[in-house]
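Q: Quick one: the structure is below, questions incoming.
The values are calculated or read from the model by the stated rules, or taken from the named source; none is laboratory data. On a predicted model such as this, the values are computed, not experimentally measured, just so you know. Note that each Cβ is placed from the backbone with ideal geometry, even for glycine, and that neighbours are counted across all protein chains shown. Note: accessible area is taken over every heavy atom of the protein model, side chains too, but ligands, DNA and RNA are not part of it. Shrake-Rupley method; radii C 1.70, N 1.55, O 1.52, S 1.80 Å.
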Amino acid sequence: MRDFRSAAARGVTPYVCGEQPTDRAYIKLNANENAYPPSPRVAEAVAAEVSRLQYYPDMTSAALRGAIAAAHGVRPEQVYVGNGSDEVLAFTFLAFFAGERLSAPDLTYSFYPCYAKLFDVDYREVPLRQDFTVDVDGLEASGGGVIFANPNAPTSLELGQDAVRALALRLSEQDRLLVVDEAYAAFGEGTAIPLTQELDNVLVVRTLSKAHALAGLRAGYAIGCEALIGALQGVKDSVNSYPVDRIAAAAAQAAVEDEAYLRRTVSMICRTRDETARRLRALGMTVLPSRTNFLFATHPRVQARALLAALRADGILVRHFQRPRLENFLRITVGTDEQMDRVVDSLARALGAQ
Ligand SMILES: *Cc1c(COP(=O)(O)O)cnc(C)c1O
């Protein structure tokens with residue numbers, strides 16, 4: 001048969017997400033999903049919205065954008081919403097970087113290179129420093145727009161806002177765009193959102209999949225100056241003029257508005273994270289100082305693959321990346337205290353047996 005695919009389709013290397021095997025019940029700590037269910041207000045909002053499903057959703061997602069704007073102290077015109085931040089990121093690549101140069105750390109969210117291929121981006125990878133921190137000067141020197149995740153994945157490390165701000169200012173002087181993917185910022189210390197009020201070259205992308213526990217819903221957003229948001233909107237409206245559906249908009253709004261629940265669950269996860277890191281270090285593992293809802297850990301002598309297999313045999317899934325520099329690490333999502341007890345027990349057994 002003739003290969004009917006376009007050059008763009010032939011060029012893509014699809015992103016591979018954490019596996020979801022069904023051969024048995026697993027403790028699933030391989031996709032950085034939230035340890036807890038979403039706010040109970042989400043269920044109420046969804047139930048109420050079902051009776052309105054015969055109507056198309058609001059094209060402007062005004063209520064959801066208003067809630068997000070209020071949560072971050074920005075204007076609704078500075079908020080773009082989409083079907084998961086993956087889609088927001090895809091439209092970001094299309095709107096700002098198609099055919100242009102874009103620089104990113106070599107070890108970061110592995111979806112960026114996929115979008116880069118699909119949209120013919122001149123994508124430059126700048127190696128993380130030896131200690132896995134982001135090479136800010138290298139990104140500036142590499143040219144074009146800049147994107148990175150902060151805190152970064154899979155390293156779990158957060159770049160301080162002083163460094164983010166300094167980079168944003170230098171890029172601003174050169175008329176270059178900075179995109180900060182803050183999927184994990186709720187578990188960290190800072191945010192670049194205030195920068196978007198001051199500079200017109202900063203776009204912050206957020207998701208409701210992690211801290212808001214809505215990975216199954218698909219909702220994400222971007223915050224930036226009105227011109228950037230308008231550019232995203234223009235590209236999106238050329239593909240699908242309806243943004244998130246009614247259920248997603250209602251659920252996302254309820255989750256964003258329940259700030260007390262967000263704070264409570266995030267602080268529980270951070271407490272479990274720090275305690276688990278302490279216990280893994282006591283087992284002789286090296287654990288990077290995480291500002292996310294996952295731990296990036298390695299053992300100086302025992303191969304990550306052996307630990308991965310031991311965890312799996314005990315019914316626990318974690319993420320492993322077959323890439324130079326990453327291949328001896330495990331990325332372990334922070335679950336509940338009970339789940340992390342199982343992880344620590346399993347690793348203690350595996351390490352004791354070495
Ligand atoms: C999880 C994650 C996303 C994707 O979030 P969705 O909203 O579920 O598409 C984006 N960026 C990073 C760095 C992530 O870890």
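Q: Give me the pairs, please: first residue somewhere in the stretch 1-15 and assigned to a loop (DSSP other than H, G, I, E, B), second residue anywhere and modelled with pLDDT of 85 or more and open to solvent by 100 Å² or more (accessible area, probe 1.4 Å), beta-carbon distance under 6 Å, and either six or more positions apart or on two chains.
A: V12/K117
Q: Look at the stretch 219-244 and say how many of its residues are assigned to a loop (DSSP other than H, G, I, E, B), at pLDDT 95 or above and open to solvent by 10 Å² or more (accessible area, probe 1.4 Å).
A: Count: 1.
Q: Ok, one more. Taking the stretch 195-212 only, how many residues are within 14 Å of the ligand (Cβ to nearest atom) and either surrounded by fewer than 20 Cβ atoms within 10 Å (Cβ to Cβ) or not hydroxyl-bearing (S, T, Y) (or both)?
A: Matching residues across the stretch 195-212 total 8.
Q: So, in the stretch 323-344, of the ones that are closer than 20 Å to R301 by Cβ and open to solvent by 50 Å² or more (accessible area, probe 1.4 Å), which residue ends up modelled with the lowest pLDDT?
A: P324
Q: Taking the options V136, V179, V126, V146, name whichever one is closer than 26 Å to V12 by Cβ and away from the ligand (no atom under 16 Å from the Cβ).
A: V126
Q: From A251, A192, A215, grab the single residue that is within 16 Å of the ligand (Cβ to nearest atom) and more than 30 Å from M340 (Cα to Cα).
A: A192
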